[in-house]
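**Student:** Questions regarding the structure given below will be posed in turn.
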Amino acid sequence: MASTAAAEPTRRDFIHVATGAAGAVGLALLAWPLIDQMNPSASVLALSSIEFDLSPVQEGQQVTVMWRGKPVFVRHRTAKEIAEARSVPVSSLPDQLARNANLPDSAPASDQDRMFKPEWLIMIGICTHLGCIPLDHQGDYGGYLCPCHGSQYDTAGRIRKGPAPENMYIPPYSYLSPTKVKIG
Amino acid sequence: MAGQSTYVPKTGFTRWLDARLPILRFTNDTMMTFPTPRNLNFWYSFGGILTFMLGIQIVTGIVLAMHYVPNASMAFDSVENIMRDVNYGWLLRYMHSNGASFFFLAVYVHMFRGLYYGSYKAPREVLWILGVIIYVLMIATAFLGYVLPWGQMSFWAATVITNLFTSIDQILPHTGTAVTQWLWGGFAVGDPTLNRFFSLHYLLPFVIAGVVVLHIWALHVPGNNNPLGIDVKGPQDTVPFHPYYTVKDLFYLSLFVILFAIVVFYLPNALVEPDNYVPANPLVTPPEIVPEWYLLPFYAMLRSIPQKLIGVIVLFGALATLVFVPWLDTSKVRSMRFRPLAKQFFWALLLDCVLLGYLGAHRPDAVFPGTGIPMLPFARLGTAYYYAFFWVILPLLGLIETPRPVPATIATSVTGSGVEQVNAPAE
């Protein structure tokens with residue numbers, strides 16, 4: 001390959017380029033299985049939905065259920081908590097998107113768009129900062145306080161103060177009957 | 001200084017081997033006759049100590065892997081089994097867990113020594129950058145290893161650190177979450193995560209060993225820097241590595257190992273968070289999550305920034321900054337012995353890192369005990385100084401500082417005159 005820059009490509013040049021190109025494509029094709037094997041496997045994906053009975057949860061109480069290895073908070077909100085959450089203008093919130101998997105991505109973070117029924121907040125109980133589990137009924141807003149880095153959420157699970165960038169996520173769920181929900 | 005080989009095979013077998021695989025010649029030239037500046041002090045013994053600690057970690061780690069089970073339902077119990085039932089399991093595990101701390105202790109001394117004596121400057125830039133790569137690999141390995149006992153701290157450290165990648169969501173929506181789930185192999189830290197962390201924790205030390213070989217190779221091309229920071233001018237400035245530095249290194253290694261043994265035998269849990277003796281529980285976050293002591297300064301930087309993505313950038317930027325140090329320092333003089341201003345900023349940086357370490361162990365909303373003074377402003381100030389030292393102070397000092405005169409040769413400085421002839425060492 002010590003030819004001058006202006007020389008015509010030879011048949012040997014062509015073979016070098018073709019070999020290199022075939023090798024690069026082959027490597028890329030082989031790389032994908034090696035990368036994709038780390039994604040959630042079929043057995044992990046299979047555990048994708050659970051059912052939960054709301055009737056034992058008293059007003060003012062919260063229970064935690066596991067869904068896909070994550071805690072889901074089921075909170076029976078009091079009338080006072082609902083009123084507090086509904087009185088906050090969306091424009092004053094740090095994250096103004098509902099983060100509700102049951103609504104379009106652009107839905108606003110109003111209390112109504114965070115849940116189907118005002119008494120029942122059903123939400124993935126993971127702080128959007130670095131993944132800790134917030135403590136319920138704590139913090140300045142009566143909602144949640146994350147013990148790791150001090151993020152505070154209101155009674156609708158919306159971020160109000162601290163380093164977390166987003167409201168806590170609402171998982172896909174639906175009511176099978178007035179007291180039974182299916183999460184996932 | 002990598003001059004001509006002086007190796008002469010003395011027996012028939014070594015002559016035969018030398019013509020086929022000159023491994024004895026290589027060993028002789030790199031570890032025996034290698035010309036080394038005659039003025040290396042105590043602080044230069046940590047390279048050897050680090051090699052020793054890497055060996056300790058690999059040997060104890062391989063043995064522990066014979067008993068450890070990388071499964072979310074069995075990992076914690078298998079570690080307890082190592083501690084209680086495996087013969088000398090307690091010793092091996094305490095050596096391994098405290099070995100990580102001593103490895104980092106040695107690497108911090110080694111790094112600050114390099115900073116003080118300007119060991120990163122031309123022609124040793126590649127040597128320094130290889131060192132930074134080793135340090136980053138050490139951090140990754142230590143983090144992966146910390147997850148394996150599957151206690152509360154293990155689980156939540158894994159959760160917090162992998163969630164750093166979700167900050168990508170703020171620039172590329174959903175990408176960060178996808179990357180994080182790819183790292184987890186699920187929708188949260190779980191069994192697949194533990195299994196792959198074990199695999200990588202076993203792999204990385206051998207990668208480190210490979211980069212260490214490159215690091216030593218890059219050291220042996222220009223030869224050692226020294227406390228005066230001046231170049232070796234001739235044979236009167238050097239002594240052979242063996243016996244002068246083999247013995248010196250061995251002496252300080254012995255002292256270091258005594259310290260290590262004291263901790264392993266008498267204070268084996270002094271550096272451990274008690275929460276890590278509680279099995280991992282994905283539903284309960286411990287009241288306070290802190291990393292091991294050697295990562296606290298970086299954790300303080302992360303927590304001092306109220307915005308998630310910027311916090312993560314500041315954290316990784318603090319590591320990346322080290323790569324650029326050879327070009328950020330504009331001074332012609334290597335050693336800070338002759339740099340009256342740089343020396344002061346250097347000690348301030350060391351204190352700054354200790355302060356950040358202290359602050360990193362406390363919640364961001366904490367106050368200094370007994371005073372009511374909040375810690376957060378200090379964490380921000382400390383973070384700012386860390387960056388300012390490398391990106392502002394080092395480049396400016398080279399322009400405004402008047403260094404003191406450096407000695408003409410190492411021999412002049414050591415003996416008071418340049419004419420003294422070193423006793424020619426026997427080969």
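The values are calculated or read from the model by the stated rules, or taken from the named source; none is laboratory data. If you're wondering where the values come from, they're calculated on a predicted model, not measured in any experiment. Positions of Cβ are generated from backbone atoms using ideal geometry, with glycine treated the same way; all protein chains shown enter the neighbour counts. Accessible surface areas use protein heavy atoms only, side chains included; no ligands, DNA or RNA. Shrake-Rupley method; radii C 1.70, N 1.55, O 1.52, S 1.80 Å.
**Student:** Find all pairs meeting these conditions: Cβ atoms under 6 angstrom apart; at least six residues apart or on different chains; first residue within the stretch A:33-51 and within 9 Å of chain B (Cβ to nearest Cβ) and over 29 Å from A:THR179 (Cα atoms); second residue in a helix (DSSP H, G or I) and open to solvent by 50 Å² or more (accessible area, probe 1.4 Å).
**Tutor:** Correct list of pairs: A:MET38/B:TRP182; A:ASN39/B:TRP182.
**Student:** For B:ARG363, all conditions in the list (1) of a type outside the set (Ser, Thr, Tyr); (2) out of contact with any Lys or Arg (no Cβ under 6 Å at 6 or more places or on another chain); (3) at pLDDT 95 or above; (4) surrounded by 16 or more Cβ atoms within 10 Å (Cβ to Cβ) hold save one; what is the number of the exception?
**Tutor:** It is condition (3) that B:ARG363 fails.
**Student:** Moving to a separate point now. Which of the helices (runs of 4 or more DSSP H) found entirely inside the stretch B:28-116 contain at least 2 residues meeting this: under 15 Å from the mean Cα position of the chain (by Cα)?
**Tutor:** Helices (runs of 4 or more DSSP H) meeting the threshold: B:46-65, B:89-116.
**Student:** Here is a follow-up. Within the bounds of the stretch B:213-224, is there any residue that is within 21 Å of the chain's Cα centre (by Cα), more than 16 Å from B:THR36 (Cα to Cα) and touching a residue at least 60 places away in the same chain (Cβ under 8 Å)?
**Tutor:** yes
**Student:** Another one. So is B:GLY210 on the phi > 0 side of the Ramachandran plot and either open to solvent by less than 50 Å² (accessible area, probe 1.4 Å) or not in a loop (DSSP other than H, G, I, E, B) (or both) or not?
**Tutor:** So B:GLY210 does not fit the description; no.
**Student:** Now for a different question. Taking the stretch B:367-397 as the region of interest, how many residues are within 14 Å of another protein chain (Cβ to nearest Cβ) and out of contact with any Leu (no Cβ under 8 Å at 6 or more places or on another chain)?
**Tutor:** Final tally of qualifying residues: 4.
**Student:** Of all residues in the stretch B:170-188, count the ones that are more than 8 Å from chain A (Cβ to nearest Cβ) and either open to solvent by less than 50 Å² (accessible area, probe 1.4 Å) or under 18 Å from B:ALA140 (Cβ atoms) (or both).
**Tutor:** 3
**Student:** Regarding B:TYR252, is this residue surrounded by 14 or more Cβ atoms within 10 Å (Cβ to Cβ), over 21 Å from B:ASN39 (Cα atoms) and under 22 Å from the mean Cα position of the chain (by Cα)?
**Tutor:** no
**Student:** Sticking with this one: Tell me whether the stretch B:337-345 contains one or more residues that are open to solvent by less than 30 Å² (accessible area, probe 1.4 Å), at pLDDT 95 or above and either at positive phi or not in a helix (DSSP H, G or I) (or both).
**Tutor:** yes
**Student:** What tally of residues in the stretch A:103-135 results from selecting those that are within 12 Å of chain B (Cβ to nearest Cβ) and not polar (S, T, N, Q)?
**Tutor:** Within the stretch A:103-135, residues that are within 12 Å of chain B (Cβ to nearest Cβ) and not polar (S, T, N, Q) number 12.
**Student:** Follow-up. Just to be sure, is B:LEU351 open to solvent by 60 Å² or more (accessible area, probe 1.4 Å), more than 14 Å from every other protein chain (Cβ to nearest Cβ) and under 21 Å from B:TYR299 (Cβ atoms)?
**Tutor:** So B:LEU351 passes the test.
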